[in-house]
Amino acid sequence: MNDRIPDAPPIILPVTAIDESARPQWSVMIPTYNCIAFLGDTIKSVLAQDPGEAKMQIEVVDDCSTDGNVAALVEALGKGRIKYYKQKQNRGSLRNFETCLNRANGHWVHLLHGDDNVEQGFYQEIESLFLANPEAGAAFTNFSFIDGQNNKLNIDTPILSKKPGVIKDFLFEIAGRQLIQPPAIVVKRSVYETIGSFYAVHYGEDWEMWARIASRFPVAYSPKKLAYYRVAYNSGISHSSFLSGQNTHDIIKVVDIIQGYLPVSHQGKLKKEALVYYAVFCIKVANTLLLTNKEAAFLQAEGAFKMHKNLRTYFWMYRFYLMHLLKFKQVQKMVKSNL
């Protein structure tokens with residue numbers, strides 16, 4: 001397999017470079033690549049909650065960005081408080097995440113992508129979850145979606161529990177679909193040392209990771225919306241995968257991997273649930289792409305149909321082709337009127 005996409009979870013080595021007593025509680029690791037327009041907000045959202053260098057490592061890990069001077073931005077905002085590391089060459093997102101995890105010195109690792117951010121109180125809430133639930137291997141909060149102008153989007157996120165605490169049978173819930181976005185979750189470094197880093201796909205690699213964690217460790221949750229996941233700004237890995245259709249292949253692969261984390265009694269049911277959900281999701285993506293990129297729209301529709309065929313997918317597929325036909329007729333009418 002391409003070295004940029006490991007075919008097995010890369011090893012995360014234990015911390016040996018510093019004395020155990022000198023390790024910070026937190027490592028906020030910020031992987032970044034060509035998102036300098038948003039990186040400043042990401043950094044500021046962390047610095048606003050900074051408990052000090054003794055308690056929190058903050059480091060930006062740059063995968064050779066070409067859209068601006070990341071080092072200068074880190075220095076201007078961090079004033080020496082934030083470490084900066086640049087890859088020797090562009091490694092791709094999975095290898096950059098691996099670098100972040102291996103460079104993390106803290107006991108609790110927050111992998112905060114350079115275009116996302118967190119709300120005031122996020123780190124305090126995560127700490128409360130870990131202290132109240134010491135058996136948890138990871139803890140996350142609810143989150144909001146934002147666009148390229150920091151506007152909150154009207155996209156519902158499921159409330160998994162009204163009270164904070166460990167979610168019972170969380171593996172069965174997350175096996176059906178992605179329920180966590182990266183800025184909202186913090187994972188104990190010891191967990192990454194046990195199960196390894198991200199692998200297999202560029203789209204959905206986080207979903208696979210959270211399911212892998214849930215298969216081995218309890219996961220704690222708070223319903224408070226304290227993290228922001230950025231979408232809808234026509235850039236980034238997700239957007240690129242939508243245009244190429246790679247996301248549909250990656251989703252199927254992740255669903256198959258997650259099957260291996262489940263007891264046999266739950267495998268078939270949850271696989272169907274996941275494939276049905278993402279088949280409809282991809283057709284909805286296709287609808288949003290019809291006006292701007294018809295080729296990408298049809299790749300999404302084709303991929304959705306390969307995932308699962310049932311009444312729901314037939315309905316959405318019919319709706320997609322009807323919208324395509326209506327748009328074609330509208331364009332045809334406009335052309336004729338201009339002749």
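The values are calculated or read from the model by the stated rules, or taken from the named source; none is laboratory data. Predicted, not measured: the structure shown is a model, and the values here were computed from it. Counting neighbours? That spans all protein chains shown, and the Cβs are built from the backbone with ideal geometry, glycine included. With ligands, DNA and RNA removed, areas are computed over all heavy atoms of the protein, side chains included. Shrake-Rupley method; radii C 1.70, N 1.55, O 1.52, S 1.80 Å.
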Original post:
Do we have any residue at all in region 225-239 that's touching a His at 6+ places or on another chain (Cβ under 7 Å) and either open to solvent by less than 30 Å² (accessible area, probe 1.4 Å) or assigned to a helix (DSSP H, G or I) (or both)?
Top reply: yes
Original post:
Where in region 45-136 are the strands (runs of 3 or more DSSP E), entirely inside, with at least 3 residues that are within 21 Å of A214 (Cβ to Cβ) and touching a strand residue (DSSP E or B) at 6+ places or on another chain (Cβ under 9 Å)?
Top reply: 108-111
Original post:
So which residues in region 116-157 are under 27 Å from S238 (Cα atoms) and either hydroxyl-bearing (S, T, Y) or touching a Gly at 6+ places or on another chain (Cβ under 6 Å) (or both)?
Top reply: Y123, T141, S144, T157
Subject >> Residue check, G80 at pLDDT 95 or above and either open to solvent by 10 Å² or more (accessible area, probe 1.4 Å) or under 17 Å from the mean Cα position of the chain (by Cα) (or both) >> reply: yes
**OP:** Could you give me the residue pairs with C-beta distances under 7 Å whose first residue belongs to region 27-47 and is among the charged types (D, E, K, R), whose second residue is crowded, with 21+ Cβ neighbours inside 10 Å wherever it lies, and which are 6+ apart or on separate chains?
**Re:** D41/N117
Original post:
(1) assigned to a loop (DSSP other than H, G, I, E, B); (2) open to solvent by 50 Å² or more (accessible area, probe 1.4 Å); (3) touching a residue at least 24 places away in the same chain (Cβ under 8 Å): which one isn't true of L262, the others all being true?
Top reply: (2)
Original post:
Among all residue pairs at least 6 apart or on different chains, which show Cβ distances below 6 Å where the first residue, located in region 191-216, is closer than 22 Å to R103 by Cβ and the second is of a type in the set (D, E) and open to solvent by 20 Å² or more (accessible area, probe 1.4 Å)?
Top reply: S197/E98
Original post:
Somewhere in region 203-211, is a residue assigned to a loop (DSSP other than H, G, I, E, B) and surrounded by 20 or more Cβ atoms within 10 Å (Cβ to Cβ)?
Top reply: yes
Original post:
Considering only residues of region 85-101 that are surrounded by 15 or more Cβ atoms within 10 Å (Cβ to Cβ) and charged (D, E, K, R), which is farthest from D63 (Cα to Cα)?
Top reply: E98
Subject >> Residue selected from region 272-303 under the condition of a type in the set (V, I, T) and either in contact with a strand residue (DSSP E or B) (Cβ under 9 Å, 6 or more places away or on another chain) or part of a helix (DSSP H, G or I) (or both), by the criterion surrounded by the most Cβ atoms within 10 Å (Cβ to Cβ) >> reply: I283
Original post:
Do you know which of the residues in region 4-35 that are open to solvent by 90 Å² or more (accessible area, probe 1.4 Å) and part of a loop (DSSP other than H, G, I, E, B) is nearest to D115 (Cα to Cα)?
Top reply: Y33
